[in-house]
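Peer 1: First the structure, then my questions, so here it is.
The values are calculated or read from the model by the stated rules, or taken from the named source; none is laboratory data. As the structure is a computational prediction, the values presented were derived from the model and not from experiment. Backbone-built Cβ (ideal geometry, glycine too); neighbour counts: all protein chains shown. These area figures cover heavy atoms from the full protein model, side chains too; ligands, DNA and RNA do not enter into them. Shrake-Rupley method; radii C 1.70, N 1.55, O 1.52, S 1.80 Å.
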Amino acid sequence: MTKDDLNYHQTIAPDQTRIRPRLAIVVPCFDEELVIRESARRIVAVLRDLREKGQIASESFLYFVDDGSTDGTWSLIREFNQSDREVKALKLARNFGHQNAVLAGLLSVRNRADCVISMDADLQHDEQSIYSFLDKYRLGADIVYGVRSGSGSVPISKKVGSAVFYWLMTTMGAKVVKDHPDYRLISARVLDTLADYKEVNVFLRGIFANMGFRSEVIYFDVHDRAAGTTHYSWRKMIGLALDGVTSFSVVPLRMIAIGGVLITLIALAMSVFIIVSAIRGDVVPGWASTVLPIYVLGGIQMMTIGLVAEYIGKIYSEVKQRPRFISEQELQ
């Protein structure tokens, strides 16, 4: 076969998994009864448009993951499943948290898709960006990160919290993509690699950022919630930050060690000062010089013990190897 023949065959036989992939869109949801109907309508409309244009395979589908909802979310999803062939779903036995719900969806569609997009059910992630995700995928990207170009009408407290979150992650050495929520596309081989990660404390933004696969970024506008209120409280945001830092960085532990050395040096300097003062007869009576250091050092000790306990707690969870999620029912 000549070089020209080889080029000819390569031209007429491209990688179909890149040109016309089987696409799965994973959408975790928890108590989204007010918005789930509109979410399904918009995402299914995008899938059908992509299919009509020949940009995705006919087997492509939308995959809801009900993370233990207590309202009518699952009943509505079952209705969608009966009326729309594109809608499939997984119901978890209880609420396992957003990260585990996303993971459950990704692992459940493994071997059924060439690429997977994960997005939230509240429609703050612009579904029209799915076209751009696929464009990057066709050009060879294995991970495409959706990055917020704005924050819409998000309250100022949440904006500040988000800024602090990414500052903390970067400062502590945890590799993440700034302003990237869990809106991304991953290829099948990234999904296969993800299945090898057995850790119980899941922080997907850190996992994908540390894989090393070819990645691209697309920017999207944040929309207001179509209905309802956010379930992502400050407590959950702080918990996510702690999971990210303690799962991907040992910088806090090193800071404790450095702090211990500095405190020891200060204590030695104070000891020398006290001894010299005693020799000179300049000792000042009073409790402040005794009590204040006790309070300061006591507070530092409690803080560092709590931080070490956080790491020990994670080790405890990992050693037990309990399931990260439990599936109750799946709709095909």
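Peer 1: Across the stretch 117-137, what is the number of residues that are out of contact with any strand residue (DSSP E or B) (no Cβ under 6 Å at 6 or more places or on another chain) and outside any helix (DSSP H, G or I)?
Peer 2: Final tally of qualifying residues: 4.
Peer 1: Give the stretch 93-116 a look and list any residue that's farther than 27 Å from residue 58 by Cα and not aromatic (Phe, Trp, Tyr), or say none.
Peer 2: 93, 94, 95, 97, 98, 99, 100
Peer 1: Which residues, taken from the stretch 299-325, are within 17 Å of residue 200 (Cβ to Cβ), open to solvent by 80 Å² or more (accessible area, probe 1.4 Å) and at pLDDT 70 or above?
Peer 2: 312, 315, 319, 321, 322, 323 - these are the residues of the stretch 299-325 that are within 17 Å of residue 200 (Cβ to Cβ), open to solvent by 80 Å² or more (accessible area, probe 1.4 Å) and at pLDDT 70 or above.
Peer 1: Further question: Residue check: is residue 22 in contact with a Leu (Cβ under 7 Å, 6 or more places away or on another chain), on the phi < 0 side of the Ramachandran plot and surrounded by fewer than 20 Cβ atoms within 10 Å (Cβ to Cβ)?
Peer 2: no
Peer 1: For the stretch 35-45, indicate whether the set of residues that are under 26 Å from residue 96 (Cα atoms) and not in a helix (DSSP H, G or I) is non-empty.
Peer 2: Yes, that holds for at least one residue.
Peer 1: Still on this structure, I have one more. Here are the criteria: (1) in a helix (DSSP H, G or I); (2) at pLDDT below 70. Tell me which single one residue 227 does not satisfy.
Peer 2: So residue 227 meets the others, but not (1).
Peer 1: Would you please list the contacts, defined by Cβ atoms under 7 Å and residues six or more apart or on different chains, that run from a residue in the stretch 130-147 that is under 20 Å from residue 210 (Cβ atoms) to a residue that is basic (Lys, Arg) and open to solvent by less than 10 Å² (accessible area, probe 1.4 Å)?
Peer 2: Close Cβ pairs (under 7 Å, with a partner that is basic (Lys, Arg) and open to solvent by less than 10 Å² (accessible area, probe 1.4 Å)) amount to 143/184; 144/184; 145/184; 146/184.
Peer 1: Oh, and also: Cβ contacts < 8 Å: first residue in a helix (DSSP H, G or I), restricted to the stretch 80-95; second residue open to solvent by 40 Å² or more (accessible area, probe 1.4 Å) and at pLDDT below 90, any location; separation 6+ or different chain. Result?
Peer 2: Listed pairs, sorted by first residue: none to list.
Peer 1: Could you figure out which of (1) open to solvent by 50 Å² or more (accessible area, probe 1.4 Å); (2) touching a residue at least 12 places away in the same chain (Cβ under 8 Å) isn't true of residue 185?
Peer 2: Failed condition: (1).
Peer 1: Quick check: anything in the stretch 56-69 open to solvent by 30 Å² or more (accessible area, probe 1.4 Å) and under 21 Å from residue 141 (Cα atoms)?
Peer 2: No, every residue in the stretch 56-69 fails to be open to solvent by 30 Å² or more (accessible area, probe 1.4 Å) and under 21 Å from residue 141 (Cα atoms).
Peer 1: Scan the stretch 96-116 for residues that are over 19 Å from residue 145 (Cβ atoms), open to solvent by 10 Å² or more (accessible area, probe 1.4 Å) and in a loop (DSSP other than H, G, I, E, B) and jot them down.
Peer 2: 96, 97, 110, 111, 112
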